[in-house]
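Take a look at the structure below.
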Amino acid sequence: MCDYCGDKIASQVDHISSVSDHVDSVLDGTITLGEAEDLANGSENFADSCGGSTGSCNQEKGKKNVDDFPKKEKESKRISRRRR
């Protein structure tokens, strides 16, 4: 099931946060580009997502940070833990 909505079958894997979410930290020297890539590509940063069509969670979320993506009623604990 989709980690975001819990209603549809997950057919894609989505990055919960992308490398672009860490750009400011790379630019100010807090982390390296390699560290940003590791954060983005670590297994804990992947969510099972419904996708492939307009209105799917993966398409709706796009490059948004999970905090900017509307919370769904049946959201998984994996997603809930990632919200700030």
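Pick out, from H22, G6, N58, the residue whose Cα sits farthest towards the positive end of the charge dipole of the chain, with +1 on the Cβ of Lys and Arg and -1 on the Cβ of Asp and Glu.
G6
How much of the accessible area of the chain, in percent, comes from carbon and sulfur atoms when a 1.4 Å probe is used?
50 percent
Hey, got the dipole for the chain? About the Cα centre, +1 on K and R Cβ, -1 on D and E Cβ, debye to the nearest 20?
In debye, rounded to 20, the chain gives about 440.
Would you mind working out the accessible area per residue for the chain, using a 1.4 Å probe, and quoting it in Å²?
63 Å²
Using a Gaussian network model on the chain with a 10 Å cutoff between Cα atoms, which of V23, V66, V13 fluctuates the most?
Ranking V23, V66, V13 by mean-square fluctuation puts V23 first.
Measuring from centroid to centroid over Cα atoms, what is the spacing of segment 48-76 and segment 5-34 in Å?
Using only Cα atoms, the two centres lie 13 Å from each other.
Here are some values of mean projected area of the Cα convex hull in nm²: (i) 5.4; (ii) 6.2; (iii) 4.9. Which one was computed from this structure?
Only one option fits the structure, namely (i).
The values are calculated or read from the model by the stated rules, or taken from the named source; none is laboratory data. If you're wondering where the values come from, they're calculated on a predicted model, not measured in any experiment. Note that each Cβ is placed from the backbone with ideal geometry, even for glycine, and that neighbours are counted across all protein chains shown. For the accessible areas, the whole protein counts, side chains as well, though only heavy atoms, and no ligand, DNA or RNA atoms are used. Shrake-Rupley method; radii C 1.70, N 1.55, O 1.52, S 1.80 Å.
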